[in-house]
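Asker: The structure is given below, and queries will be raised subsequently.
The values are calculated or read from the model by the stated rules, or taken from the named source; none is laboratory data. Note that the coordinates shown come from a computational prediction; the quantities given were computed from them, not determined experimentally. Cβ sites come from the backbone with ideal geometry, for glycine too, and all protein chains shown count toward neighbours.
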Amino acid sequence: MNYLILRLKKKLIFRLDLREIVPNKLKNKKNIKNLEIFYGNEKKRISDFFSFQGKLNKGIIFKGNFAKCDYIGDSMKEGEIIVNGNVGEYLGHQMENGKITVKGSSGNYTGSSLKGGEILIEKNAGDYLGSSIQGEKKGMSGGIVIVKGHVGNRLAFKMRSGIIFVKGNVKNYIGSQMIAGTIIINGKIGSHPGLLMKRGTIVLKRKTPLPLNFKYSGKNNYLFLKVSEFYLERLNIVFKNIFPNTYVTKFTGDTSCNGNGEIFILN
């Protein structure tokens with residue numbers, strides 16, 4: 001078997017910190033079952049919570065309800081993590097490479113300070129996706145995050161690079177203080193998009209009113225969107241025909257901070 005399968009064997013009362021259960025952190029460990037992790041504010045052995053099956057070759061499969069499990073995929077550098085259920089907060093924090101697939105929903109701070117790799121959320125994600133965490137100056141600076149459902153507030157706060165694609169709706173303050181990167185939203189958005197945005201690109205596939213600090217810059221046929229689509233589809237099939245047309249309305253801002261960010265609205 002190519003995957004190490006960890007099956008949660010008890011219901012959690014407190015939060016469980018799984019930042020050490022990452023392929024690159026485990027590959028040189030001789031006795032994984034005795035590895036210590038934090039359960040609430042106490043140290044426990046990983047074998048107190050999980051049953052083990054298979055070998056760590058390609059990656060790790062988590063089975064169970066991990067809604068109270070945080071920092072899955074923290075600082076991940078290689079391999080694959082698959083979660084057959086929901087996950088808690090800080091999924092893929094500072095991840096550098098590899099792939100994480102969640103066949104459920106994720107909590108707040110998914111892909112926080114992401115540096116590389118790919119995160120796929122089959123259902124919904126919480127607030128601050130692809131953002132910086134408290135005390136950090138940089139949000140997501142690389143990699144790809146795909147959410148097939150809806151996302152909460154402050155998506156891509158302080159984003160520096162990378163790609164975020166959301167099939168569903170997103171709440172308020174997307175791309176706040178964004179400096180670079182690309183955000184593509186298939187559904188509806190909330191208020192204050194691009195607040196204090198300096199640079200970067202937000203693509204909206206539905207018509208939506210924008211704040212006055214984004215100025216109208218005309219309508220045009222932006223063929224680079226099709227070039228981007230071709231590149232993105234090679235990364236993940238979910239991007240196939242993502243831009244059915246390239247005739248868009250362009251706005252630039254945030255003018256209140258002399259920003260040159262772009263918001264494209266597909267017509």
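Asker: So is Lys77 modelled with pLDDT of 95 or more and assigned to a loop (DSSP other than H, G, I, E, B) or not? Before you say what the answer is, go through the steps one by one.
Answerer: Numbers: modelled with pLDDT of 95 or more: yes; assigned to a loop (DSSP other than H, G, I, E, B): yes.
Criteria met by Lys77.
Asker: Next question, about the same structure. Given (1) closer than 16 Å to Leu129 by Cβ; (2) of a type outside the set (A, V, I, L, M, F, W, C); (3) in contact with a Lys or Arg (Cβ under 7 Å, 6 or more places away or on another chain), where does Gly200 come up short, assuming only one miss?
Answerer: Checking Gly200 against (1) closer than 16 Å to Leu129 by Cβ; (2) of a type outside the set (A, V, I, L, M, F, W, C); (3) in contact with a Lys or Arg (Cβ under 7 Å, 6 or more places away or on another chain), the one that fails is (3).
Asker: Which of the strands (runs of 3 or more DSSP E) found entirely inside the stretch 94-208 contain at least 1 residues meeting this: hydroxyl-bearing (Ser, Thr, Tyr)?
Answerer: Values: elements: 99-102, 118-121, 141-147, 161-166, 182-185, 201-204.
Where strands (runs of 3 or more DSSP E) fall fully within the stretch 94-208 and carry at least 1 residues being hydroxyl-bearing (Ser, Thr, Tyr), they are 99-102, 141-147, 161-166, 182-185, 201-204.
Asker: Considering only the stretch 241-258, I want to know if a residue exists there that is buried (at least 16 other Cβ atoms within 10 Å of the Cβ), acidic (Asp, Glu) and at pLDDT 95 or above.
Answerer: yes
Asker: Additional query: Look at Val145 and say whether it is buried (at least 24 other Cβ atoms within 10 Å of the Cβ) and either within 21 Å of Tyr71 (Cα to Cα) or among the acidic types (Asp, Glu) (or both). It would help to see each step written out before you state the result.
Answerer: Working: buried (at least 24 other Cβ atoms within 10 Å of the Cβ): yes; either within 21 Å of Tyr71 (Cα to Cα) or among the acidic types (Asp, Glu) (or both): yes.
So Val145 fits the description; yes.
Asker: Say we look at the stretch 60-74 and pick out the residues that are over 15 Å from the mean Cα position of the chain (by Cα) and at pLDDT 95 or above; which of these is nearest to Asn28 (Cα to Cα)? Reasoning before the result, please.
Answerer: Here is the first cut: in the stretch 60-74, the ones over 15 Å from the mean Cα position of the chain (by Cα) are 60-69.
Next, only the ones that are at pLDDT 95 or above stay: 60-63, 66-69.
Working: Ile60: 15, Ile61: 18, Phe62: 20, Lys63: 23, Phe66: 25, Ala67: 28, Lys68: 27, Cys69: 23 Å.
By that ranking, first place goes to Ile60.
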